[in-house]
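Enquirer: Please read through the structure below; I'll follow up with questions.
Throughout, read-outs are computed from the coordinates displayed, never taken from laboratory work. Source: prediction; values computed, not measured. We place every Cβ from the backbone using ideal geometry, glycine too, and count neighbours over all the protein chains shown.
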Amino acid sequence: MAVHGIDLGTTNSAVARTGPDGRPQVLAGMSGAPTTPSVVLFASGTEHVVGEGARREARLDPEHVCALVKRRMGDAEWRFVAHGTGWSAPAVSSLILKSLVADAAFATGEAPTAAVITVPAWFGDEERRATVLAGTYAGLDVVDVLSEPIAAALAYGFARLDGSPEMSKSSSHPAPAHETVLVYDLGGGTFDATVIELADRRISVLAVEGDHQLGGADWDERIALHLARRFGEQNPSAEDPMDDAAGTQALVLAAERAKHALSESTSTEVVITHDGARATVTLTRAELESMTASLLRRTVDLTRSCLAEAARRGVPRVDRVLLVGGSSRMPAVADALRTELDLDAKLHDPDLAVARGAALYGEKKELERMVAADLRTRGRLRDGASLEDAAPADLDDAARRVADAYAVPLSQVRRAVEVRVDTVVSRGFGVLAVNSSAGRLEPTWLVHRNDRLPIRTSRSFGTVRADQEVIALTVVEQQGQAESSRAEDAKVLVAGEITGIPPGYDAGSEVHVSFEMGFDGVLHVTAFHVDAGLPLTLTVTTGATLSQAEVARERDRLGKQRRRE
């Protein structure tokens, strides 16, 4: 069974898988469209609609239409309430994922059971856990969570790194052996800037910056406000469309259409009808760029910061700039990068590159799993060891056996096991500890933004008093662009207690705290009381996941809906 790639986007989503030739294919459903709007209409307490149908109903039934849910991922308190039922962000997202699964089944005759799901590079631990939870609710085995810029880089460079000529068809010159790429990813609801090195069968992330509350939807909102003002000028006695939920939805949809039109032309007309009145507003590209200049400036500033971090790590320039995400089509984006940063940016399959890259990564993970299983079965790789620990001759033999057994070209299997994907963390992580000189709790940062994954790091702390039986442990995540020494500036990620400390130990007894984070960006924390020589249990609760009771209820509700469908 193929591992599919899913771009779970803020405004649009897509699903892809690799074909027999190893190339990624985006799978369209019954609508024939390659992407599905990430919108859910709760038609009743037991029925829902996902995609374009839900999007069209947004104007008629706005209170029961949920959009931009990706911006709520990781917010444990948020619920979308429809027909008396509250839906968490992972639960709503699972409905979008189920729709993509149905599209894939329609296109191929086989429903996906395993997937790589992409997330913004700037997503933190809670948001990534919530994404995995959404996949679980949808009945998927989430093989990995992959950052969107890495997926875009894979779509651009994976085959090129394997020496395949397909990536250089658009040019008479072969692709260079080493290339540094800036991925500027402006989607519907999130923005990422990422510098990536492509070299020697290795894709390495050097630096990331971003804002998962900034995207094309913010452009739409400003356009909608402008249209509302112009409508009011032409119809001073009519109700403000923004004071009405249906009117707001209609304006936002009109704003989105106008934004798309202005990417192709310099002027467009928008017709607004509301409260029995009508207005025709002419909107120019220059007006759009003026009213959204601060939004674009924010993306340029984040890109500049990302480039500065890459330069600090020894890479002072980039060879190519890839524009990804539908909102990167706006001409002002390429113009700003050229004038502000002297970068020549090119669109790179802005709507589908992320899904295609996720499919390539899914194929890589599955083929790696098969090769590793073959080696372990033959006693050539011990349990828990990675493929890098295998002897080259054994690895080559296993790759041949997998290629023969599954009728996969040997070159694809070799590419899967040879190409490495290295990335970095997008946030700093630490624990709250007492600063004895200041007499207050302060963050102690163990993991720093742009540290390379995987990460294993530890720090020793001392107990506060003698015979201390319980230690409160609070793990925090960096907020903003810089690490702060103030506890109130950090986001509490995990709060729990270390228990079971035996009596008889003085104040300052050593407690060793370890952080471990894999390529999926999910953080694991363990603790050990060194003097006692005993492991301690860390009981934690994370806002990204629901309680077990809530999980059971969500599964039961979604299962009942599947049976009704």
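Enquirer: Percent relative contact order of region 412-479, based on C-alpha pairs within less than 8 angstrom and at least six residues apart? Numbers along the way, then the final one.
Expert: Working: 77 pairs, mean separation 25.2, N = 68.
37 percent.
Enquirer: For the residue pair Asp467 and Asp21, what label-to-label distance in nm results when each label sits 7 Å from Cα along the Cα-to-beta-carbon direction?
Expert: For the pair Asp467/Asp21, the computed spacing is 7.6 nm.
Enquirer: Which of Trp445, Trp122, Trp87 comes first, and how do the rest follow, when ranked by fewest Cβ neighbours within 10 Å?
Expert: Numbers: Trp445 18, Trp122 26, Trp87 22.
The order, fewest Cβ neighbours first, is Trp445, Trp87, Trp122.
Enquirer: Could you please rank Arg401, Arg317, placing first whichever residue has the fewest other Cβ atoms within 10 Å of its Cβ?
Expert: Values: Arg401 16, Arg317 11.
Listed from fewest to most nearby Cβ atoms, that is Arg317, Arg401.
Enquirer: May I ask you to derive the relative contact order of the chain, considering only C-alpha pairs under 8 Å and at least 6 residues apart, and to give it as an integer percent?
Expert: Values: 1194 pairs, mean separation 81.1, N = 565.
So the answer I get is 14 percent.
Enquirer: Restrict the search to region 56-156; then list the GluC sites (Glu not before Pro) that DSSP places in a loop and that have at most 16 other Cβ atoms within 10 Å of their Cβ. Don't skip to the answer; put the middle values down first.
Expert: Details: sites: Glu57, Glu63, Glu77, Glu110, Glu126, Glu127; in loops: Glu77, Glu110.
Answer in residue order: Glu77, Glu110.
Enquirer: Something else about it: What list do you get for Phe519, Phe42, Phe429 if you sort them by fewest beta carbons within 10 Å?
Expert: Values: Phe519 15, Phe42 23, Phe429 28.
Going from sparsest to densest Cβ surroundings: Phe519, Phe42, Phe429.
Enquirer: Could you go through region 67-82 in sequence order and give the Karplus-derived ³J(HN,Hα) for each residue, using 6.51 cos²θ - 1.76 cosθ + 1.60 with θ = phi - 60°, rounded to whole Hz, and x for Gly and Pro?
Expert: Computed from phi, the couplings for region 67-82 are 10, 6, 5, 4, 5, 9, 4, x, 8, 5, 8, 6, 9, 9, 9, 9 Hz.
Enquirer: Quick check: Cα centre of region 182-255 to Cα centre of region 490-535, how many Å?
Expert: 41
Enquirer: Also: With the crude spin-label approximation of a point 7 Å out along Cα→Cβ, what separation in nm comes out for Thr339 versus Val434?
Expert: Using points 7 Å along Cα→Cβ, the separation is 5.7 nm.
Enquirer: When the Karplus curve 6.51 cos²θ - 1.76 cosθ + 1.60 is applied with θ = phi - 60°, which whole-Hz ³J(HN,Hα) does each residue of region 316-323 get, with x for Gly and Pro?
Expert: Whole-Hz 3J(HN,Hα) from phi for region 316-323: x, 8, 10, 8, 8, 10, 9, 8.
Enquirer: Could I ask something else about it? Name the long-range amide H neighbours of Phe191: under 5 Å, sequence gap of 5 or more, or other chain; modelled H, no Pro or chain starts.
Expert: Asp211, His212, Gln213, Leu214
Enquirer: Work out the FRET efficiency for Leu60 and Arg297 from their Cβ-Cβ distance, taking R0 = 35 Å, and round it to the nearest 0.05.
Expert: 0.45
Enquirer: Can I ask one more? If you average the C-alpha positions of region 400-445 and of region 273-309 separately, how far apart do those two centres end up, in angstrom?
Expert: Computed from Cα coordinates, the inter-centre distance equals 36 Å.
Enquirer: Under a 5 Å amide H to amide H cut-off, with H placed in plane at 1.01 Å, what residues pair with Val321 once short-range neighbours are removed?
Expert: Close amide H contacts, sequence-distant or interchain: Leu182, Lys346.
Enquirer: Taking the Cα-to-Cβ direction at Trp78 and at Glu52 and moving 7 Å from each Cα, how far apart do the two end points lie in nm?
Expert: According to this spin-label approximation, the distance is 2.7 nm.
Enquirer: Applying 1/(1 + (r/R0)^6) with R0 = 60 Å to the Cβ-Cβ distance of Ser514 and Thr282, what FRET efficiency is obtained, to the nearest 0.05?
Expert: With a Förster radius of 60 Å, E is 0.45.
Enquirer: Over region 216-291, what is the mean sequence separation of C-alpha contacts under 8 Å (at least six apart), divided by residue count, expressed as relative contact order in percent?
Expert: Working: 93 pairs, mean separation 23.7, N = 76.
This gives 31 percent for region 216-291.
Enquirer: What does the helix-only formula give at 222 nm for the chain: each DSSP H stretch with n ≥ 4 adding -39500 (n - 2.57), the total divided by the residues, and the result rounded to the nearest 500 deg cm²/dmol?
Expert: Numbers: 13 runs with 194 residues, N = 565.
When only DSSP H runs of four or more count, the value is -11000 deg cm²/dmol.
Enquirer: Kindly provide the Kirkwood hydrodynamic radius of region 351-502 in Å, to one decimal, from all pairs of distinct alpha carbon atoms.
Expert: Values: mean 1/r = 0.0514 Å⁻¹.
By the Kirkwood definition, the hydrodynamic radius is 19.5 Å.
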